[in-house]
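Structure first, commentary second.
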Amino acid sequence: MSAKKLTTKTTSLKGEIQVPGDKSISHRAVMFGSIADGVTKVQNFLPGEDCLSTISCFRKLGVEILQDGSHVTVIGKGTEGLKGTEQILDVGNSGTTIRLLMGILAGLPFESRLEGDASIAKRPMTRVTAPLTEMGADISGKNGGEYTPLIVKGNKLKGITYELPVASAQVKSAVLLAGLQADGITSVIEPVKTRDHTERMIRQFGGEVDRNGDIISVKGGQKLMAASITVPGDISSAAFFLAAGAVVPGSDILLKNVGLNPTRTGIIDVLTSMGADITIAQYGDRASEPAGDITIKYSELRGTTIEGEMIPRLIDEIPVIAMLATQAEGRTVIKDAAELKVKETNRIDTVVNELNKLGAKIEATEDGMIIEGKVNLHGGTVSAHGDHRIGMMLSIAALLCESDVTLEESESVAVSYPGFFDVLYSLA
């Protein structure tokens with residue numbers, strides 16, 4: 001585990017950057033390319049550790065995948081082209097990989113073993129294994145299939161109507177991927193709309209998916225065809241620079257080609273509600289995923305309340321929003337975010353504990369946090385706890401600190417943003 005001395009008390013951040021490709025879309029591009037017929041080319045793929053785990057798993061399943069940095073070519077042979085393996089499908093730290101992959105494996109005529117790192121071993125899998133079992137898959141694992149390692153024995157699947165107990169794009173996607181192989185129609189009912197990259201990608205690969213209100217449905221037996229995918233920049237990665245630009249005095253940052261899928265732009269809405277100086281120039285309809293350029297400048301921020309249907313649109317950005325709130329006048333309240341407890345870490349407790357070490361005034365609640373601002377942050381030793389988003393959030397917080405900050409487990413940032421520190425300090 002490595003510790004890194006972070007840059008502190010920065011006077012301004014200025015410049016133009018392009019954040020890496022969207023992690024969620026990069027995962028899905030490889031998965032859909034693997035189960036489609038033909039050659040799929042992916043541009044601006046995110047070569048972070050999580051997405052490389054997805055590539056590794058599908059290579060073990062017999063898919064030829066060529067990768068050159070951010071350019072990936074997937075030679076797909078349809079789901080029937082996937083082959084069983086005695087090798088362990090190691091998903092590393094990636095919850096997206098394991099949960100969506102289970103949906104694909106559920107309908108295939110072989111047995112697979114899935115494992116991940118220590119963080120994955122603590123994350124609940126019953127939310128995925130339950131609907132897949134209802135569809136006919138045979139899934140077993142630790143504590144009745146609640147935790148890894150998991151054994152997936154694919155079977156002939158039947159379509160179901162499944163109401164999500166919690167808003168989760170990963171669970172929705174796993175069920176839809178299984179539904180593409182099932183007899184009949186598979187429908188997922190969402191309590192709140194979640195990111196829709198899977199639905200968009202089904203269409204981009206020539207499939208059909210219907211949405212009627214909060215019900216998303218696919219017909220089984222569909223054949224997908226290869227596509228060309230250009231991955232926009234990841235708004236979850238951009239969020240750290242948006243936060244930095246908003247709170248470091250004198251800052252003016254232009255972020256190019258950022259994904260602007262409306263199911264993911266909650267961070268922009270929150271910044272706007274807090275009074276941030278933010279401007280968006282959206283591109284025309286260039287692909288299935290909207291994108292554009294974002295300019296963020298320093299401004300005085302005010303506290304806000306974040307709750308309800310907003311939460312799924314910014315669930316990954318809540319750590320950095322909590323940091324933002326420490327620099328906003330008044331109180332910020334985050335509610336309805338209990339899902340944070342089952343991320344790479346318990347992000348409610350981890351955010352509260354680590355920011356409080358730097359002088360923040362944050363209190364954990366059952367489903368969120370209460371943050372008092374505006375406070376002056378001092379230095380200290382903090383830890384990412386193996387969580388990439390915690391590591392990046394603390395690096396932004398350090399820019400405001402009066403004295404030295406040391407970040408332990410800084411290597412975790414590479415999960416989603418290789419080169420993050422170089423880009424950040426190039427703006428200083």
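The values are calculated or read from the model by the stated rules, or taken from the named source; none is laboratory data. Since the model is a prediction, treat every value here as computed from it, not as a measurement. Quick reminder, even Gly has a Cβ in these numbers, built from the backbone with ideal geometry, and neighbours come from all protein chains shown.
Quick notes on this one:
- Close pairs from the stretch 106-119: first within 24 Å of Glu344 (Cα to Cα), partner crowded, with 23+ Cβ neighbours inside 10 Å and among the acidic types (Asp, Glu), Cβ under 6 Å, at least 6 apart: Ser119/Glu344
- Filtered by the rule that a residue be surrounded by fewer than 23 Cβ atoms within 10 Å (Cβ to Cβ) and small (Gly, Ala, Ser), the stretch 249-272 gives a lone residue, Gly250.
- Residue-level check: of (1) buried (at least 17 other Cβ atoms within 10 Å of the Cβ); (2) modelled with pLDDT of 95 or more; (3) assigned to a loop (DSSP other than H, G, I, E, B), Val152 misses just (3).
- When residues of the stretch 114-149 are limited to those that are closer than 17 Å to Ile104 by Cα and among the charged types (D, E, K, R), the one surrounded by the most Cβ atoms within 10 Å (Cβ to Cβ): Arg127
- Selection status of Glu317, modelled with pLDDT of 95 or more and under 24 Å from Thr265 (Cα atoms): yes
- Any hit, the stretch 151-159, residues being within 21 Å of Arg203 (Cα to Cα), outside the structural domain of Lys341 (by TED's automatic domain parsing) and in contact with a strand residue (DSSP E or B) (Cβ under 8 Å, 6 or more places away or on another chain): yes
- Per-region count, the stretch 95-111, residues assigned to a helix (DSSP H, G or I) and over 14 Å from Val342 (Cα atoms): 8
- Counting residues in the stretch 222-244 that are among the small types (Gly, Ala, Ser), in a loop (DSSP other than H, G, I, E, B) and in contact (Cβ under 8 Å) with a residue 40 or more places away in the chain gives one or more.
- Verdict on Phe45 being buried (at least 16 other Cβ atoms within 10 Å of the Cβ), of a type in the set (Phe, Trp, Tyr), at pLDDT 95 or above and more than 20 Å from Leu224 (Cα to Cα): yes
Quick grid of which residues meet (1) part of a strand (DSSP E or B); (2) among the charged types (D, E, K, R):
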site	(1), (2)
Ile75	yes, no
Glu86	no, yes
Arg113	yes, yes
Pro124	no, no
Thr129	no, no
Glu134	no, yes
Ala178	no, no
